[in-house]
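Below: one structure, written as structure tokens.
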């Protein structure tokens, strides 16, 4: 084990790949960035590159400012960049002020909603939901990914890689299994639709992106594995209720937002080691 | 049980009325005869604000009226006062107003200045509930209401199970395809009612109507959707549906399918003018295939509030007036000076069972940006040119036309080698204006390499995308690597 660590640390110093995997944020940035480019180039998104630059620029700026006045650890710019990419992938608006606000709220949430030195909202999730509520000028396009399985598989595999490194696979799988089982019973068993109606409703890019990049955020999810499983189960349950009876299309985003504060409670009940981005 | 063969059912669209649960209906027509109505386009006007919906369905049925029937799932028992007959003209108006448009511009003489106006042409131009419940135990079907509105006999049914409903329909002279059963089941479970329409021939004679007029219904439903599945029950081919949506805040998009903008604002060759209808049809087909056949196209979006002055630019048809909005069912507009917002969205979907397993669910967004499918013709100067600038000008035109042809091939898949004349015309002029002196490399040679027939051209387009994709990824990789190294060095 120790030998492996030495090899790893050497590899980290000398190779691009080693350097990249030493920090789970790197592959995450690469993946999210590639989804963004994929959407723009291949999914015919209505694009204004300027808006993406605004989101990325303002997120990095706010992150830099907050970092400067707090711990001065500028590696957190990467987290800021991830937040910016998540916002770019999910939130739409035709007003750049709204986008700047979303970036600001996302970064701000990391420094305001803290308990025992840990923020409990996923920053971009917080930014998205609060912007939707406050401005009424932003929206989420759940249909923008289409349902082509290739993309779905890409996201799953990509997400898995990151998760294996981060160790949040339990939350992702619990969420996905619970949510799809409930949907399966409703759509196929209860209503009697064909199986492809069910697959169509879960092979949705936004859902998978949410599963592998948001609910699994190692910083804001509960530290303990059991706690995470309980937490993810309730997010799935709430998402299912919101989707099926209230016709909320981006239900998982709302469910995560509503249940995020429970991370604090779960962390007090189930103690475990805090996650660090860089293994030292 | 009788087995009815030779059933031709064509299903077009679905209509819906909603008032609280918004369900749309995906209706299907049922005919006894072999009416071949595939390839027709159904049109639906969908007005929605909050839970309130008003849906108007246009039928382009041309067969024997005695054999016409339509079944549409609806979210609630629609009252008689919420059903009316709408004017067919409204569909033509909305279609003309929101269809793809061709815009023409004319080059001025490079030797002299004068201006001609530009104008636009549209594709369209070219081309009660009393306590009336009759429960039929044998079928477990309730006839919840019976109305006679205009030339139509309308029944609203509710059922407990699909077998019974199907038998009831069959025994009452409505032939519906075997496959419809599996789709009826989920709708029944969802507490939907069935809106069943037949033509009352006597009434129709009295009224003197020769075609079937659209039916409009208002209802409440919390679901913003159109039930297209029923319509696909026995359709083998794809069907087209155009949905005209009126909302208050902004554009509408589909939530369970990708909404894609139609390619727009491109310059196309001058000769397309004669075949603009074909051009648009072929482009639609090609783009639909390219996007994977499971998408919904946005063809038009505009703020048509009465207070908004510019309702199109250029206009392909008259923008909807106060009367038109009322006729469409935009109930919140109550006077010609109404200040309320009205956003108009036109979606075009070509669907079949394989690519559209789910009904269409919509969502209103706050996006008020206008959108139109607009194609530009730039006419070269036709007169005689004798100044020095002529040669330069013609070279520019040749260049421009080469690009137009490439665009044409990429959009429609047309074989552009059929259109050499379009370039030859200009090449000739270059020769003439250049006193017989020709720059070899500038044209003839160029043509063979630039011109790539449709399909190859398309691949080339994707190749460029992949190269860009990979390039950007590598760039990001390098940036991440460098910045990580830098930041880590600082850390330590």
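Rule-based calculations on the coordinates, nothing more; no lab input. Not measured: the values here are computed from a predicted model. Cβ placement follows ideal geometry from the backbone for every residue including glycine, while neighbour counts extend to all protein chains displayed.
Does the stretch B:200-339 classify as rounded, prolate or oblate by the C-alpha gyration tensor (a ≥ b ≥ c root eigenvalues; a/c under 1.5 gives rounded; else a/b over b/c gives prolate, otherwise oblate)? Rounded, because the longest to shortest axis ratio a/c is under 1.5. On the beta carbon distance between residue B:281 and residue A:134, with R0 = 51 Å, the FRET formula returns roughly 0.70.
Taking all C-alpha pairs of the stretch A:65-109, those more than 13 Å from each other amount to 58 percent. By the count of other C-beta atoms within 10 Å, a proxy for reagent exposure, B:393, A:275 are ordered fewest to most as A:275, B:393.
Peptide A:135-147 has a mean of 6 when you count, residue by residue, the C-beta atoms of other protein chains within 10 Å of its C-beta. First check a/c for the stretch B:335-406, with a ≥ b ≥ c the square roots of the eigenvalues of its C-alpha gyration tensor; if it is under 1.5, answer rounded, and if not, answer prolate when a/b is larger than b/c or oblate otherwise. Since a/c reaches 1.5 but b/c is at least a/b, the shape of the stretch B:335-406 is classed as oblate. Residue order for B:262, B:476, fewest other beta carbons within 10 angstrom first, comes to B:476, B:262. The mean number of partner chain beta-carbon atoms within 10 angstrom of a residue's beta-carbon across peptide B:365-371 is 5. Legend: ranking of residues A:117, B:311, B:354, B:363 from fewest to most surrounding C-beta atoms inside 10 Å; resulting order A:117, B:354, B:311, B:363. Using the Kirkwood radius over C-alpha pairs as Rh, can you work out the diffusion coefficient of the stretch B:144-184 via Stokes-Einstein at 4 °C, viscosity 1.567 mPa s, in µm² per second? Estimated diffusion coefficient is 115 µm²/s. Note on A:183-190: average number of Cβ atoms from other chains within 10 Å of each residue's Cβ is 1.
One decimal place: the segment residue B:462-residue B:424 gains 10.7 nm when fully extended, by the rule 0.36 nm per residue minus the C-alpha distance.
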